[in-house]
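These notes concern the structure reproduced below.
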Amino acid sequence: MPLAPTRRAAPSVRLALAATALVSAAALVAACSGPPPGAGTDGAGVRLSAGTPPAKGEIDSFSWATYAEPPTLDWIQAFDYPQNTILANVCESLMRWTPQLTMAPGLAEKAGNPDPLTWVYDLRPGVHFHDGSVMTADDVVYSLGRQTDPDNAAAWAQVFQNVDSVTATGPLQVTVKLKRPDSQFPQYMATAAGVVAARAGVQSAGKDYGTGGSLDCTGPFKLGTWNKGQSIELQRFDDYWGTRAKAKKAVFRFLTDPSARTNAMRSGEVDGGYLIPTESYQRLEKSGVGTLYFGEGLSTVNLNVTSLKGPLGDVRVRQALSLALDRSGFVKAGLAGAGTVTGSLTTRAAWAGAPEDVRTAAFANLTPTVQDIDRAKALVKDAGAEGSTLTVATSAIGQDVSLLATAVQAAGARIGLNVRLKSIAPNAFTALFTDPEAREGLDLFPETYYDSVTDPLDLLANFKTGAYQNFGGYSDQAYDSLVDRATAEYDPAERGAIEAELQRTASEQLLWIPVAEWPTALFLNHRITGAPTTIAYMYYPWAADVGAAQ
């Protein structure tokens, strides 16, 4: 998952605080603020749109293209684009990420922080689950408990590492007690980590939950027919507590081939989609059948180091590979020019809540982005790694993946490294994030990382010892200590200064290799409008806003 749009003062977060909060309202506003809502341009001149025109009326249905079929729709495993793009419209969280990438009330109408170790969530009354039952505090306690149950191996378990207890302190009130202050926990309650589902429905489904049937959540759509290998249909939930969806039905088509996705959008077979294949930008822009939008993505394209046991265990080899990469060529070919070269693992927009001096420090003296083949060769020789073999994953998901893998191979060849490519099917690519066996034998894989909250610690915490995406097994006590300090710091200015230190360390060590910032791409044909342009679609019920364009 930009690209340095013109910044304005970040908008205020619409989060109701308890009057007794020890953390000042001003501090929390800055901590949870997102990029400005206005449009801008990225460094390559791509215009970033704040949104799409609002819908003018209801429609019977619309269809949407996704690049892969979700392996499950169980929200505790929702850790990739296909799952979250669909689930965001079915299952809701305690808080809500808005299209402006700020945080607002969700199923909790108020969040209070009476002391640094306590978060109190007052729930909305009269919220119905898709099975007709009414949400209570017990459902919230059960749902959050699913994330922490080790038997579930939840993708979001790390979010709860500082949680001591979650208890119902009233019919519509849940209190979370922390072991230590945690500035990230309240932010993640706007992601799939904070989803609430009906306890009875989840327990009734047992191990089959998430693979078909009802999800028993609260969103504006409920799960309809799942045609395995083809599509998932969502049906409007007319007992929704909020604004009713404008479409009676949304159909998600699984189109793993990039050309097939593009052709389906050009022909009207599907009405729109996110994650547009980069090679199709120009074709869709000139098609005359719709509009291609770009929005804030909080996304960086990186090379995820999955093994520090082989040649990449020597930082000099990682530095050499980085210096040999043709980032500009990749942005031009792999991202169709809609991106900017970067030496930072985090986007500039992720630092919107930090003071200007902190933002300046965070982006000073980072990974060099200009090719230096001679220096790279010397580093490989000094490391004694000449002729070493690296295995890099590639996939037909899109050119952003396949061409980056090819660029790595070309870079390796120029500096004395033998880079082999291992092809991964689009439907299996998501397993690289969740299944250690899927990463077996890999040294690197291309990853577009999107922040799940508007805070750089979302990415930088990945290199703490034992972190979920610390696939290379990096471990450094000093780094861990900085992560802990940043996590415990509620003041955004103080936290930002610590995060800037983390950014420098991650850059020096090249724990992942940064390549480019990349905006969110969205295509809508002329029949529909209303979808957000930002990465908020991963957790915001975006499909409810989609309706008739005329």
Thinking of the range 202-261 as a set of Cα atoms, what percent of all their pairs are more than 13 Å apart?
-> 66
Considering the Cα trace of the range 188-290, what is its radius of gyration and what is Dmax, both in angstroms?
-> 16.9, 50
Along Cα→Cβ, 7 Å out, is where each label goes; now give me the distance between the ones at Thr167 and Glu386 in nm to one decimal.
-> 6.7
Once fully extended, how much extra length lies between Ser61 and Lys422, figured as 0.36 nm per residue of separation less the alpha-carbon to alpha-carbon distance?
-> 126.0 nm
Per 10 Å bin from zero, what fraction in whole % of the C-alpha pairs of the range 434-550 is there, up to the bin with the longest pair?
-> 11, 33, 29, 18, 9, 1
Per-residue SASA entry for Arg318, accessible area with 1.4 Å probe, Å² rounded to 10 | 10
Roughly how many Å² of Leu144 are accessible to a 1.4 Å probe, to the nearest 10?
-> 0
Cα centroid of the range 440-469 to Cα centroid of the range 476-550, whole Å | 11
Just the C-alpha atoms of the range 374-465: what Rg/Rh do they give, with Rh taken as the Kirkwood radius?
-> 1.02
Largest first, what is the accessible-area ranking of Glu386, Glu437, Glu279 with a 1.4 Å probe?
-> Glu437, Glu386, Glu279
For the range 413-492, the fraction of alpha-carbon pairs in successive 10 Å shells from zero, as % = 14, 38, 31, 15, 2
When the Cα centres of the range 124-166 and the range 372-423 are compared, how far apart do they sit, in Å?
-> 43
Any of Lys228/Lys248; Lys248/Lys422; Lys207/Lys249 with alpha carbons more than 31 Å apart? Name them for me.
-> Lys248/Lys422
Using only alpha carbons, build the gyration tensor for the range 463-516 and give me the equivalent ellipsoid semi-axes, biggest first, whole Å.
-> 19, 14, 9
Going residue by residue through the range 135-146, the Karplus relation 6.51 cos²θ - 1.76 cosθ + 1.60 with θ = phi - 60° gives ³J(HN,Hα) values, rounded to whole Hz and with x marking Gly or Pro, of 5, 10, 4, 4, 5, 5, 4, 5, 5, 5, x, 4
Taking a straight Cα-to-Cα line shorter than 26 Å from Lys286, and setting aside same-chain lysines fewer than 8 residues away, one finds Lys56, Lys332
Equivalent ellipsoid, the chain (semi-axes from 5 times Cα gyration tensor eigenvalues, Å) | 35, 28, 22
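Find how much the distance from Arg124 to Glu356 grows on full extension, using 0.36 nm per residue of separation minus their present alpha carbon separation; answer in nm with one decimal.
79.8 nm is the gain from fully extending Arg124 to Glu356.
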Segments 266-275, 64-73 sorted - mean Cβ within 10 Å per residue, highest first = 64-73, 266-275
Accessible area of Ser287, 1.4 Å probe, to the nearest 10 Å²?
-> 30
Please state the relative contact order of the range 384-502 as a whole percent: Cα pairs under 8 Å, 6+ residues apart?
-> 20
Rounded to the nearest whole number, the Stokes-Einstein translational diffusion coefficient of the range 231-352 at 25 °C and 0.890 mPa s (Kirkwood radius, C-alpha pairs) in µm²/s is 134
Give me the aspartates and glutamates in straight-line cross-link reach of Lys222: C-alpha distance below 19 Å, same-chain residues under 8 apart excluded.
-> Glu58, Asp60, Glu69, Asp74, Glu92, Asp131, Asp139, Asp208, Glu233, Asp238, Asp239, Asp545
Order the following by accessible area, largest value first: His526, His128. Probe radius 1.4 Å; ligands, DNA and RNA are ignored.
-> His526, His128
Let me have the relative contact order for the range 148-208, percent, based on Cα pairs under 8 Å that are six or more residues apart.
-> 25
With contacts defined as alpha carbon pairs under 8 Å and 6 or more residues apart, what's the relative contact order of the range 125-180 in percent?
-> 30
Whichever aspartates and glutamates have a C-alpha closer than 14 Å to that of Lys381, once near sequence neighbours (fewer than 8 apart) are set aside = Asp314
Computed [θ] at 222 nm, deg cm²/dmol, the chain (DSSP H ≥ 4; -39,500 (n - 2.57); rounded to nearest 500) | -7500 deg cm²/dmol
Starting at the first residue of the range 385-399, write each ³J(HN,Hα) from the Karplus equation 6.51 cos²θ - 1.76 cosθ + 1.60 with θ = phi - 60°, in whole Hz, x for Gly and Pro.
-> 9, 4, x, 5, 9, 10, 10, 10, 6, 9, 7, 8, 3, x, 5
Inter-part distance where the range 186-262 and the range 294-314 are each reduced to a Cα centre, Å = 30
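The values are calculated or read from the model by the stated rules, or taken from the named source; none is laboratory data. Note that the structure is a prediction, hence the values are computed from the model and not measured. Positions of Cβ are generated from backbone atoms using ideal geometry, with glycine treated the same way; all protein chains shown enter the neighbour counts. Only protein heavy atoms, including side chains, enter the accessible area calculation; ligands, DNA and RNA are left aside. Shrake-Rupley method; radii C 1.70, N 1.55, O 1.52, S 1.80 Å.
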